[in-house]
Amino acid sequence: MPPSLFIEQVLNGFQFGLMLFLLAAGLTLVLGIMDTINLAHGSLYMIGAYLTATLVGVTGSFWLAVLGAVLGTALIGMLLELSVLRQLYRRDHLSQVLATFALILIINEVVRMIWGSQPLLLSAPEALSGPVEILPGLYYPAFRLVIIGVGLLVALLLFWLVNRTRVGMWLRAGASNREMAQAMGVPIKPLFTLLFGVGAGLCAIAGAFLGPILAVQIGMGESILILAFVVIVIGGIGSIKGALVGALLVGLVDTAGRAFLPLLLSRVAPPEVASNLGPALASILIYLLMAVVLFFRPQGLFPART
Amino acid sequence: MRWIFPTVLLGLLLAFPPIAAAMGLEFYQGLLTKIMIFALAASSLNLILGYGGMVSFGHAAYFGLGAYTVAILMREGVTSGWVIWAVAVGLSALLALLIGAISLRTRGIYFIMITLAFAQMIYYLVVSFKQYGGEDGLRARRPEFGLFELNDTTLYYLTLGVLLAALYLLYRLVHSRFGRVLQAIRENEARALALGYPVFHFQLVAFVLAGALAGLAGVLMAHYTQYASPNLLAWQQSGHLMMMVILGGVGQFWGGVLGALVLSLVEEILQDLTIHWQLGVGLILLFIVLFAPKGLAGLMRRGS
Amino acid sequence: QPRTVKVGFVSTLSGGGAALGIDVRDGFNLALRHLNNQLGGLPVEVIVADDQQNPDVARQAVDRMLKRDRVDFLTGIIFSNILLAVGDAIFEEKVFYISPNAGPSEYAGEQCNPYFVNVAWQNDNLHEAMGQYVQTRRFENVFLLAPNYPAGRDALTGFKRYFKGRVVAEVYHRLNQLDFSAEIAQIRAARPKAVYAFEPGAMGVNFIKQYAEAGLLREIPLFLPGFSADADVIRAVGRGMVGIYNSSQWTLELNNPINQRFVEDFRKTYNRTPTLYASQGYDAALLLDAAIKAVGGDLSKKDELRKAMLAGFNSTRGPLRFSPNGYPIQNYYLRQVIQQPGGEIVNRQVGTIFTNHRDAYVDRCKLR
Amino acid sequence: MSALLEIEQLETFYGPSQVLFGISLQVEEGQVATLLGRNGMGKTTTVRSIMGLTPARRGRIRLAGRPIEALAPEQIAALGVALVPEGRQIFPNLTVEENLIAFAANRNQSPEPWTLARIWTLFPRLKERRNNLGYQLSGGEQQMLAIGRALMTNPRLLILDEATEGLAPLLREEIWRVLRLLKENGQTILVIDKYLERLLPLADQHTILERGRVVWQGDSRALAQRPEVWKQYLSV
Amino acid sequence: MSLLVLEGLSKQFGGLAAVNNCNLCIEAGEIHALIGPNGAGKTTLINLIAGMLPPSRGQLRFQGENITHLPAHQRVHRGLARTFQITNLFKNYTVRTNLELAVQARAGSSFRFWQPVAREKHLTEAALAVAEQVGLAGRFERVVGQLSHGEQRQLEVGLALASRPRLLLLDEPMAGLGAEESERMVALIAQLAQHHTILLVEHDMGAVFRLARRISVLVYGQVIASGSPAEIRANPEVHKAYLGDEGGAK
Ligand SMILES: Nc1ncnc2c1ncn2[C@@H]1O[C@H](COP(=O)(O)OP(=O)(O)OP(=O)(O)O)[C@@H](O)[C@H]1O
Ligand SMILES: Nc1ncnc2c1ncn2[C@@H]1O[C@H](COP(=O)(O)OP(=O)(O)OP(=O)(O)O)[C@@H](O)[C@H]1O
Ligand SMILES: [Mg+2]
Ligand SMILES: [Mg+2]
C-alpha cells in the first residue's frame, strides 16, 4: 500500500472521528452530567445544518452562517431544555427515551413544514472547495482539513472547560449529586440550561461542517446519533477524554474497515465470498469494536466516576 | 362483572373476519393481524424490559430472524409450517442465549448499546447474503400446516391464538416464583445476589424466552407480509417496539398490547388525515410521557 | 355516469430518494393535466402515498390501496427493493402495476408476470449502454463503484456485460453512505484510466461533489448512468459536472411533439428542467391512457388490457414497444453535461449507443 | 437583635406526610447549638428545611433577620449557610482539592478566611490525599473533606448532621477537637449528633425533638441537671 | 475445626492493598467482632467472604470446603449470609415480600415458572416467623421505604436470617441507630448468637465489648491483633491505632 494512501485514509478517519466527537461531546455531557438520555440531540444537529444552509443563502458567507447557526441552535436547545427536558430530569431513562423520541418526530415535521421534504443544498465555502497539497504528491480536500482543525480546537476547549475551570467542577459536582451541589451554592438550573445550550451549539458546529460533506435532509440526525452513542459508550459516559478517544477510534476503524478490509479479504477468501462479506464486515466493524470494548470494560474505556 | 369486558372483546375478535368479509373491510382484518403480531413482540420485550429491567435495544434481531427463517426455509424447500416454526423459535432462542450471555455483563446504557450492537451485526450479516435478497429482502411464501390452509383469515385466527397463549404464559410467568425473582432483581440487583439468587441465570432465562417469543412474532409477520424485509432487523424496528412498550406501560401486564394497539392505530389514522402525521404522533407521545408516567396501562388503571 | 379509474401512486416522496419520486409524480400529474384528468376517457382518481423508501411502509400503503380503496392500477415506485416487497401482493389481486422506474431483473426473467409493465427500462440497461460506450472509447481499464445492494451489483454486472477491458477494482460500499472519502482515496491510489459509478439518489450528488472536490475529475474521467447525471444532480453539484458522459433512454431534445410539449410545459409548470424520471412518470400516464382507450374503458378485460399495453403507445420517446415480459424495447442515447453559452448547465444528447435494445432476461420469461 | 438563625413554627412535609409540626428555635451569633432526638424524629428534616432542600410548607426562617424560607438552596448557601450533610455526600468524581476549591468563597466577609492552606494544617491527612478522587477516600477522610468543604465557603452558619456516624473512635475525637477550635474562633454552629457526653461541654444550648415537635429547650447546665429528660427523649 | 478460615487473603484496588495477606479463623458458635480504623478494609473483607468481590490472592475455606472461587449465590446456599453497611433492601416492596424473597432463595427451586407464588402459604409462614424474630411482625405489610431507619436496619438483619445461615456477616448493624435502637439491636444479636455464628463489624465499642467472644483488629488490611475482649482492651497497639481512650469507657 502506498504511504500516501495510508496517510490519506488516516486523515479521513480523523476527520470523521472529530465530527462525531462534536456530537458525542454534547451527548456525553448531557447524559453524564444531567443523567438524561436525549435522543433529540440528533435533531439539534439537523437544525444546525438547516440553519447554516439557510443563513448561507441570506448572508452569503459560510462563516457568518456557522456563527448564526451555532447561536440559533444553542438558543433553540435552551428553549427545549426549559420547556420539556427540565420536566424529565427526575424521570427514569425510559420516559426520557419516549419523550425525546417524540421530540424527534415533532422537530422532523416542523422542519419539513418550514423547509420542505427535499434535501437542502449546502456547499463548502468556495475558497476551501478544492484540494490542497499537504505533502508532496498528497492532495487532501481543504475543507476536511478545516474540519480536523475545528474538531481538535473544540476538544481542547471542552477539556479545559470541564476539567480546569470552576464551572467544570460545578458541573461534575452537579452530575454526581445535584442536591448537594445546590446546597454548596451552585445554581444548578441555569447551569444545566446553559450546558444544554453548549451541547446544542456543538451539534450545530457538527451540522454546519458535515452538511456540505453529507446532506442536509430530514432525518439526518438519527443514524449519526446512533454512532454518537457508540462513541460515548466506548469512551465511557460523561468523559470528554473518553468521547474524544472513542470518536477517533470509531472514525479510524470505520474508515479502515471500508478502505482496507475488502482488500484484505480478497487476499484470503474467494472473490465471491470476499465481495459479499467485505462490505458487511466493514459495516459491522464499529459495532464489533463496541461489543469487544464493553466485554472487557463494561463501563467503557474511561469510566467517569459518579 | 370483571369478566364481561374481556369476553365481549374476545367475542368481537373471533367474529371479526366474517363481519369484515361481509362488509368489505378485509383491510382492517389485516391491520388487526399486524397489531396482534406487534402486541406479541412488544409483550415479549416487556417481559425483559418491564419485568426484568433489561432495556434491550436489539429486539428486532429476533423478530427479523424469525421472519427470515420462514423465507429462507421456504426457499430451500422446507415447506412444513410446524418445522419452520420450531426452527425459527429455536434459532431465535439460541441467538438470544448468545447475545444475552455476553450483554448481561453490562448494565444501564451500556446494556442498551451492546444489545443494539449485536442486532446491528445481525442486520449487516443478513443483508450481505445476496442469495437471500440482501437489502431487497426475500419473498416468504406461506408454508403448509396440514390441518388448515394458511390464508389471511386463518392467519388472523392463528395469530389471535398464539397471542392469547403467549399472554397466558407470560401471565403465569410473572406471577410465579421465577417472575417474582426477576422483578426483585430489577428492583435491587445487589440485594438479590446477596440473598443467594443466581441473578445472571434468571436474567438470561428471561432474555432467551423473550427472544423466542419475538422470533415467533417475526414468523407470523413473515406469514402476514409474505416477505422478509431487512427493515424487520433494523434498529428502527427495535426502537419502534420499545416505544410501544413504554407507551403502553413498562412492567404493566397489558403494556405491550396496549402500546402496539394504540401506536399502530394512531399512526394509521393520522397517516390518513395528514402528511404531517408524525407531528401528531410526536405530540401524542409527548403528552403521554408528561402526563401519564406509567404509560397507558397505568392511566387506565388509575381511571378505573 | 362513467366509472372512475382509481390509480394508486406509491412513491418515495421523503428522504434521500425523494427527488426521484417527486419528479415521477410531477411528470405523472402533468400528463394527467394534458389528458384533462381522464385516462382513456374515464375520470381518474389518484391516491398518493409516500413509502419513505421503506418496504414495510410501502407494503402497508399498497395493502390499503388494494383492499380498502380497491384501486385499478398501481404505479409510482422508485426503488426495486420496494417493488419486490409489494409486487406479489399486487399481482395476487390481479391489479396491473405500471412501473415508472424500478425494473428489477426478477420480473424480467423466470418470475415475469402478466400484471407487470415497465415504461422505463430494465435496471441493467443504462449500465449496459455505458459499458458499451466505455468499451468503444477503448479505455484500458476501469474502476467500478456501487452501493452494496442487489441493484448495485446488477448495475455493475450490466456494465461488464458490454465492457471487455480490465476491471481494476469493483468496490461496493454501504447503501445510503454519504461520505466517500475512503473510496475516493482508493480510486486515487489505484490510478485507473476511467471510473464508472452507479450512485442513485443522494449518494450520486455526494459522490460527484466529493470526487470533484478531491480534484479527481480533471485527472480520471468519470462515467455515469443517466440517473446520476440528470437535471436534479446537476442542480445540486453545479459546475463540477461539466464534461461528464452518461447514458439515457430519454433526452431533452428528442424530436417529437409529445416530448416537446412535455419538456416545455414541465418547465413552465414546475419551474425546473425535467429529468428522465419525470419523463417516465409522464409516459406511465400515457400508457394507461392508451390501454384504457383500447379496451373502451372496460377495466374488467384484463387480458385485452395487457395486450393493449404491450402493443405499445406514443411516448416522449416516440412509439414505444414492449417485450413479452413487459419491458420496453428502445434506443439508448449518449449524453454529455455541458455548459451553454448563457451559463446554464444541461445534459445534451451527443449520440446513440443502442438501437431497439432489449433486456438480457427476456428469453427466460415464459410469457408470450 | 443578635440571633443569627431564627426559626418560627416550622412545618414540613414529605409529599402528603407531615414530619415537622411547628418547630421554633434560635441560634445566637457565635453560639454552638444542638438538635437532639431519637431516630426519625425530624432532625435532618429541620436541617433540610433550613437549607431549602425540603422547603417548609409553613413557618418562617430568618438568617440575620432576612427571611429565607422561600429561597432556593443555592441562594441560601450564598447567604452563608454551609452544611455537612448526613452521609458525607462528598463529590466522588472530584479530587480532594477540587472538592475544596470548587465552592470556595468568603461568605462571612471574614478578615481571616479559611483557605486551602488552613484546611491542610487542620487536616494534614487530606493534604496527603489532595489528588485522590473523592470516592477513593475512607469514611473518616470523607468526613474530614465534608467538613473542610463547608469551611471553605467561610459560612456564617455551619451545620453538621451526624458528622461522626460510622467513624472510628480515634477519628471521632479528632472531630470534637476541631469543633472546639472552631467555636473558639467565633464560628456559629448547629450540630446534630448522638454523643451527648461530648456535646454537653461543647454546646451552649440544646433543642430536643420528638415526633417533629420541640419537647425541651435549654442550655447545657440545665440539660446536665435533668437526666430524666435524657431518659425520656434520648434513651441514654 | 474452624467454621471459616481465611488464608493469606488479599484484595488489591489498583495500587492500594485494601486487604493485605489476611489470616483469620472463625469458630462455630462464636460472635467474632472485626474492628479497625476507617478504610482498614473491613467491608472489603466482608465482600470477599460473601463472594461479591474476587480476591487477588489467598484462600477461603468454609466448613472445610474451599469456596474461594464459588459465586456469591452459591455461598448463600452453603450457609453464608450478610447485611450491608448501607441499608440495601427492596425499597418498593413490603416487608413480607422482602422476607418471602429471602425464604424462597434458601428453598432453592426458584426456576418455577407456572405456580402463582402468591398462593404458596409456607413462604408466607416462614417469612412471618422471621419477622417476629426481628420484631417486625407489626410492620409485615408495610412498604419498606416508609419504615424508619432503625426498622430498616432490623429488616436488613432479618433478610440475612431468613436464609438460615451458619455464618452471619453483619456490617455495622448499629450505624445510624440512636441509643435506644442500638440497645434493641444488641439484644437481637445476642439472641441470634444462640443459633448462629456471627462475624460482626462495628464501630460502636460498647456493643462490641458486650457481644463479642473474640475480637480481631484490622489495620491497613492486616490483622494486627486477635483475642478476647479483655486482651484487646489491654493491647496498647490497638489503643494507638483505633480505640484512643474510648476502649475503657464502657
Ligand atoms: N424522603 C422521605 N420521604 C418520606 N418520609 C421521609 C423521608 N425522609 C424522612 N422521612 C421520614 O421523616 C421522619 C423524620 O426523618 P429525619 O430524617 O428528619 O429524622 P432524623 O431525626 O434525622 O433521624 P435519624 O437520627 O435517623 O437521622 C421519619 O419518620 C422518616 O421516616
Ligand atoms: N472499589 C474500590 N476501588 C478502590 N478502592 C476501594 C474500593 N473499595 C474500597 N476501596 C478502598 O479500600 C480501603 C478499604 O475500604 P473498606 O470499605 O473495606 O474500609 P472499612 O474498613 O470498611 O472502612 P469503614 O470503617 O469506613 O467502613 C479504603 O481505603 C477504600 O477507599
Ligand atoms: Mg438524620
Ligand atoms: Mg465499612
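The values are calculated or read from the model by the stated rules, or taken from the named source; none is laboratory data. All values derive from a computational prediction rather than experimental measurement. Virtual Cβ from ideal backbone geometry, glycine too; neighbours counted across all protein chains shown. For the accessible areas, the whole protein counts, side chains as well, though only heavy atoms, and no ligand, DNA or RNA atoms are used. Shrake-Rupley method; radii C 1.70, N 1.55, O 1.52, S 1.80 Å.
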Largest-first ordering by accessible area, 1.4 Å probe, given options E:Phe90, A:Phe14: A:Phe14, E:Phe90
Magnitude of the charge dipole, segment A:3-296, Cβ model with Lys/Arg +1 and Asp/Glu -1, debye to 20: 660
Cα centroid separation - segment A:258-306 against segment C:351-368, whole Å: 42
Cα-based reach from C:Lys193 at 20 Å (exclusive), listing lysines while leaving out same-chain residues under 8 positions away: C:Lys160, C:Lys164, C:Lys209
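Report, in debye and to the nearest 20, how large the dipole of the protein assembly as shown comes out about its Cα centre when Lys and Arg carry +1 and Asp and Glu carry -1 on their Cβ. Write down the numbers at each step before the final one.
Details: 127 positive and 107 negative charges, 169 e Å.
Roughly 820 debye for the protein assembly as shown.
In the protein assembly as shown, carbon and sulfur make up what percent of the accessible area (probe 1.4 Å)?
On the way: 30500 of 53550 Å².
Accessible surface attributable to carbon and sulfur in the protein assembly as shown totals 57 percent.
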Rounded Å value of the spacing that divides the Cα centres of segment C:255-325 and segment E:124-155: 83
Integer Hz, Karplus 6.51/-1.76/1.60 couplings in order for segment C:224-240, x for Gly and Pro: 9, x, x, 4, 8, 9, 8, 3, 5, 6, 4, 4, 7, 8, x, 3, x
Distance between segment D:7-64 and segment A:109-183 - C-alpha centres, whole angstrom: 48
Residues whose placed amide H lies under 5 Å from that of E:Leu34, excluding near-sequence neighbours: E:Leu200, E:Val201, E:Glu202, E:Ser216
Principal-axis tilt of helix C:18-34 within chain C, Cα atoms, nearest 10 degrees: 40
Highest-MSF residue in chain D out of D:Arg226, D:Arg62, D:Arg118 [GNM, Cα springs under 10 Å]: D:Arg226
Chain A - Rg (one decimal) and Dmax (whole number), Cα, Å: 19.9, 67
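Hydropathy at least -0.5 by Kyte-Doolittle, axial extent at least 20 angstrom from the Cα trace: which helices of chain D, defined as entire DSSP H runs, fit?
Values: long enough: D:169-184 (23 Å, -0.17).
Counting only whole DSSP H runs, the qualifying helices are D:169-184.
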D versus E: buried accessible surface, summed, Å² (probe 1.4 Å, to nearest 100): 1600
On Cα atoms only, tilt of C:150-162 relative to the major axis of chain C in degrees: 70
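Provide the convex hull volume over Cα atoms per residue for segment C:24-83, in Å³. Intermediate values should be presented prior to the final figure.
On the way: hull volume 4.9 nm³, N = 60.
Cα convex hull per residue, to the nearest whole number: 82 Å³.
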Lysines whose Cα lies under 29 Å from that of D:Lys43, excluding same-chain neighbours fewer than 8 positions away: A:Lys189, D:Lys183, D:Lys194, D:Lys231, E:Lys91, E:Lys250
Charge-dipole axis of the protein assembly as shown as Lys and Arg at +1 and Asp and Glu at -1 on Cβ define it, positive-most pick from B:Tyr124, E:Ala190, A:Leu225: E:Ala190
Positive dipole terminus of segment B:3-303, leading residue within B:Tyr62, B:Ala297, B:Leu9 (C-beta point charges): B:Ala297
Inter-probe distance in nm under a simple model that places probes 7 Å from Cα toward Cβ, at A:Glu126 and B:Tyr171: 7.3
Most to least packed among B:248-260, C:344-356, D:96-108 [average Cβ atoms within 10 Å]: B:248-260, D:96-108, C:344-356
Cα-centre dipole for chain C with unit charges at Cβ (Lys and Arg positive, Asp and Glu negative), debye to 20: 660
Solvent-accessible heavy-atom area per residue, rounded to whole Å², over segment B:3-303 at 1.4 Å: 35
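What's the average, rounded to a whole number, of partner chain beta-carbon atoms within 10 Å of each residue's beta-carbon in C:146-152? Let's see the in-between values first.
Numbers: counts 0, 2, 14, 8, 7, 3, 3.
Other-chain Cβ atoms within 10 Å of each residue's Cβ, averaged: 5.
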Chain D - percent relative contact order, Cα under 8 Å, separation 6 or more: 27
Lys/Arg +1, Asp/Glu -1 at C-beta; segment D:3-233 dipole; positive extreme among D:Asn39, D:Ala72, D:Gly52: D:Asn39
Along principal axes, Cα extents of chain B, largest first, whole Å: 58, 49, 41
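Would you mind classifying segment D:3-233 by shape? Square roots of the alpha carbon gyration tensor eigenvalues, ordered a ≥ b ≥ c; an a/c under 1.5 is rounded, otherwise it is prolate if a/b is larger than b/c and oblate if not. List each step's numbers first, then the result.
On the way: a/c = 1.61, a/b = 1.35, b/c = 1.19.
Prolate is the answer for segment D:3-233, as a/c is 1.5 or above and a/b outweighs b/c.
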Within straight-line cross-link reach of C:Lys268, lysines at Cα separation under 23 Å, skipping those fewer than 8 residues along the same chain: none
Accessible-area ranking of C:Lys366, C:Lys160, C:Lys94, largest first, probe 1.4 Å: C:Lys366, C:Lys94, C:Lys160
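With a 1.4 Å probe, how much accessible area is buried between chains E and B, both sides summed, in Å² to the nearest hundred? Walk me through the numbers on the way to the answer.
Working: alone 12130 and 15580 Å², together 24860 Å².
Buried area (both sides, nearest 100 Å²): 2900 Å².
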Rel. contact order, % - alpha carbon contacts under 8 angstrom, at least six apart, chain E: 27
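Around D:Leu209, what is the net charge, scoring Lys/Arg as +1 and Asp/Glu as -1 over all other residues with Cβ under 11 Å from its Cβ? Walk me through the numbers on the way to the answer.
Working: positive: D:Arg38, D:Lys43, D:Arg211, D:Arg213; negative: D:Glu210.
So the environment of D:Leu209 carries a net charge of +3.
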In order through segment B:238-249: 3J(HN,Hα) via Karplus (6.51 cos²θ - 1.76 cosθ + 1.60), integer Hz, x for Gly, Pro: 4, x, 4, 4, 4, 4, 4, 5, 5, 4, x, x
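Over chain B, what is the relative contact order in percent, taking alpha-carbon pairs closer than 8 angstrom and at least six residues apart? Write out the running numbers ahead of the final one.
On the way: 467 pairs, mean separation 101.2, N = 304.
Averaging sequence separation for qualifying contacts and normalising by length gives 33 percent for chain B.
Restricting everything to alpha-carbon atoms, can you work out Rg to Rh for segment B:1-51 with a Kirkwood hydrodynamic radius?
Values: Rg = 14.1 Å, Rh = 12.7 Å.
So for segment B:1-51, dividing Rg by the Kirkwood Rh gives 1.12.
Could you report segment E:86-164's accessible area per residue, 1.4 Å probe, as an integer in Å²?
Details: 3470 Å² over 79 residues.
Ligands and nucleic acids excluded, the figure is 44 Å² per residue.
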Karplus-derived 3J(HN,Hα), 6.51/-1.76/1.60, for each residue of segment A:18-28, Hz, glycine and proline x: 5, 5, 4, 4, 4, 6, 5, 4, x, 5, 6
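Can you give the translational diffusion coefficient of chain C in µm²/s, computed by Stokes-Einstein from the Kirkwood radius over Cα pairs at 4 °C and 1.567 mPa s?
The estimated diffusion coefficient comes to 63 µm²/s.
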Rounded to 10°, Cα long-axis angle of helix C:80-92 versus longest principal axis of chain C: 20
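If you take the accessible area of A alone plus C alone and subtract the pair, what total do you get in square angstrom, rounded to 100, with a 1.4 Å probe?
Details: alone 15040 and 14650 Å², together 27160 Å².
About 2500 Å² of accessible surface is lost on pairing.
What accessible area per residue comes out for segment C:1-68, rounded to a whole number of Å², with a 1.4 Å probe?
Details: 2210 Å² over 68 residues.
I get 33 Å² per residue for segment C:1-68.
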Average beta carbon contacts from partner chains per residue of B:239-251, 10 Å cutoff: 3
Helical contribution to [θ] at 222 nm, DSSP H n ≥ 4, -39,500 (n - 2.57), averaged over the protein assembly as shown, rounded to 500: -16500 deg cm²/dmol
Cα convex hull volume per residue for the protein assembly as shown (Å³): 203
